[in-house]
1. What are the trypsin sites (Lys or Arg not before Pro) within region 108-164 that DSSP puts in a loop, where the Cβ has at most 16 other Cβ atoms within 10 Å?
2. Apply the Karplus curve 6.51 cos²θ - 1.76 cosθ + 1.60, θ = phi - 60°, to the phi angles in region 141-158 and return the couplings in whole Hz, x for Gly and Pro.
3. Determine, at each q value in 0.19, 0.20, 0.22 (inverse angstroms), the log₁₀ of I(q)/I(0) that the Debye formula gives when each Cα of region 66-169 is one equal point scatterer.
4. How would SER37, SER152, SER117 rank on accessible area, largest to smallest, probe 1.4 Å?
5. Output the peptides 181-188, 13-20 sorted from most to least packed, where packing is the average of other Cβ atoms within 10 Å over each peptide's residues.
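The values are calculated or read from the model by the stated rules, or taken from the named source; none is laboratory data. A quick note: this is a predicted structure, and the numbers were derived from the prediction, not measured. Neighbour counts run over all protein chains shown; Cβ positions are idealised from the backbone, glycine included. Accessible surface areas use protein heavy atoms only, side chains included; no ligands, DNA or RNA. Shrake-Rupley method; radii C 1.70, N 1.55, O 1.52, S 1.80 Å.
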Amino acid sequence: MNIKVLTTAAALRVVMSRPITSLQWSSLCLLSLGLVSSRSSKELHTVNPGHFLVLLVCVIGSFGDVYNEKLLKNTTASIHLQNFKLYFFGLVLNGVAWGMYESRSSSNRFLFHDWNSYVIALMLVTAAIGLTVSAIFRYLDNLVKVQASAASMITTVLLSSLFFDKELTLHFYLAVGIVCNALFVYNYKIASSEDQHTEPTQQLVSIPEADEIEPV
């Protein structure tokens, strides 16, 4: 998630030619720094080859999300029809994977075996998240999704500390300040200097000459 902020911005710039100002690039780097700062010092000093695979996943996932955004925006079809088309392939592939797994298993279990209310609730919440993400892709952009995900990480930790007595570290408090400042800077609209220094235009009234004045 930390590096995906920057890979998503790069993917938007490459795939959709989205203009991103230098101030917004700085805020995105600051946002990534804030997410990294929320980790403990032990996690920050731990580097292994798996991090390169995570970087590859972030790059591929970012370009995939941006391409989905392009598909959703470059059409006048209903967003529900587009969702059906996008998720249909996932339904087919997961169905094939489930069939192959069950063919190797000795127990012939039904597809909805051991489902309970928690599983159904999780399925409904996941479906709602998918529809929400599709709406963000259609009417906003991927950077809004990334920023919302960053804010949700902070909110999750705060709620965990409230309900599960999770101890918050100095890194987390620093991360909250950095993330909030980064989100503010990115979405802050700066008026151009021309608009700030523009003075009201004075209307010039032409005075007629003496020859043009008709006698009363």
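1. ARG109
2. 7, 5, 5, 5, 5, 5, 5, 5, 5, 5, 5, 5, 4, 5, 5, 5, 5, 4
3. -1.05, -1.08, -1.15
4. On the way: SER37 25, SER152 55, SER117 80 Å².
Final ranking, largest accessible area leading: SER117, SER152, SER37.
5. Highest-to-lowest ranking by the protection proxy: 181-188, 13-20.
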